Amino acid sequence: MIMPRRKGEVMWPRLIASKILSKRVGSNNFVADFPSDTETWLELPSLNKKYLSSVNILPDHEETETYKIFASTWNVGGVAPTNDLNMDDWLETCNTTCDVYVFGFQEVVPLRAANVFGCENKKITMQWNSIIREALNKKECKEKKGQNSSSSGDWNSFESEKSDSQKFRCIISKQMVGILISVWIRSDLLSFVRNPSVSCVGCGIMGCLGNKGSVSVRFRLHEKSFCFVCSHLASGGRGGDEKYRNSNAAEILSRTIFPRGPSLDLPRKILDHDRVVWLGDLNYRISLPESDTRLLVDKEEWNALLENDQLRTKLKDGQVFEGWQEGTIEFAPTYKYCPNSDSYYGNFGSRKGDKKRSPAWCDRIIWFGEGLKQQLYARGESKLSDHRPVKAIFSREMKISRKLKEFQSFFWSERFEQMTHSFDIHSADDFKCNARTSFQI
């Protein structure tokens, strides 16, 4: 005899899973090169009243500057990066240097039960951040080779380095199970960054664990708020599976909540920000028979394939991503490849019982809000996993106060260095209390 469920009983698995998740990913914990309490940083120069008086005398006017933002997404299939992984071609820093770099990864660890329910492997975050740091600061890193690196939590050793020793610094790095997002910014722009924070949403097992979901980050650059959403949505290539991806996206939009900030006026929801970029393995497929898809891929008939692309359909009808934009796709589908190969999985037949995997543009970058101009939308050719990475470069004009620029120059002056060293605001104990640690790689 089957006993009927009592009212509320069906919710217990989700409530328990939610408790597990909330203890493990916390909405405010992230790794950075500098203290994230930038309100405190920006208040410190008020101690030097003579300096502020000289700044206030200056006439103020706005200047327009153009900033470039690099955003990328890569499902690495649970494969750890090799020490000799070269990201130079991917970043093209010798040809195009951007001001902000946002790296989104999925499946940085295999999505097995031990990784979903157990302790997170922070070592993998360290590995990826080390590779990113060296690629963005290539000249500086070459000079430092052979020196012994200190532990990731040793803030005092990190503080001994000069701010200008690296061109780029990490302002936010956050991992939730297999999802990792890492945000880097030009060192001379650090004093313009305010209110960095994160918000994690799990949409996986039991509807809330982190094998699927998103890690969203936000910060203010000058007076504009930016939000970047790194997500891994529900998989599946069968008819109707896209409804699960739609549901994941809707949950991410509704459940992502950022702190109000000290002045209680910061945007809390994703769409409340001035500029939003969503990147990740969105897992949308092509709604065509597998044989037709493979034939069109062989002929490089991208437009015919895109007419049946599930995400493009959603962007047009506005069911989930109303108002979002995507650049023109002029590259081959990014999924699914045979290991260490340029051949799509199943091109040469598959074993009995294997799941079919038609080629698809699973890995995407879309954006929301006015003012962002996309200059590049392309894929890479690394064979590290069964996905190919995707990148985009955006430009954005911003108006900047002359007084604020003068204020910034003070931050990187010797006077500010002397002032900050006289206060014990960067101790390792402070970072432990705030659950934010600096990594020294």
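Coordinate-derived values only; no laboratory data. What you see is a predicted model; the values in this text were computed from it and never measured. So basically every Cβ, Gly included, is an ideal-geometry build from the backbone, and we count neighbours across all protein chains shown.
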| note | Percent of all Cα-Cα pairs per 5 Å bin for the range 198-258, counting from 0 up to the last occupied bin, reads 4, 19, 26, 20, 13, 8, 5, 2, 1, 0
| task | State the percent of C-alpha pairs, over all pairs in the range 221-323, separated by a distance greater than 22 angstrom. | result | 43 percent
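Applying a 10 Å radius around every beta-carbon, put 242-251, 205-214 in order of their mean neighbour count, most first.
205-214, 242-251
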| field | Over the range 199-306, relative contact order from alpha-carbon pairs under 8 Å, at least 6 apart, % | value | 24 percent
| said: No solvent, one uniform scatterer per C-alpha: report log10 I(q)/I(0) for the range 245-401 via the Debye equation at q = 0.13 1/Å, two decimals. | reply: -0.71
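Name the trypsin sites (Lys or Arg not before Pro) in the range 272-324 that are in a loop by DSSP and that have at most 12 other C-beta atoms within 10 Å, would you? Display every interim value, and only then the final one.
Working: sites: R275, R285, R294, K299, R312, K314, K316; in loops: R285, K299.
In loop regions of the range 272-324 (DSSP not H, G, I, E or B), the sparsely surrounded trypsin sites (Lys or Arg not before Pro) are K299.
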| request: Take the Cα pairs of the range 68-121, get the Kirkwood Rh, then feed it into Stokes-Einstein at 37 °C and 0.692 mPa s and tell me D in µm²/s. | output: 248 µm²/s
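On a full-extension model of 0.36 nm per residue, what is the gain between N86 and S247, subtracting their alpha-carbon distance, rounded to one decimal in nm?
Working: separation 161, 0.36 × 161 = 57.96 nm, distance 3.65 nm.
Computed gain between N86 and S247 is 54.3 nm.
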| message | Test of understanding: what is the full-extension gain from K167 to L295, defined as 0.36 nm times their sequence separation minus their Cα-Cα distance? | response | 41.5 nm
| Measuring from label point to label point, each 7 Å out along Cα→Cβ, what is the E62 to R260 span in nm? | 2.8 nm
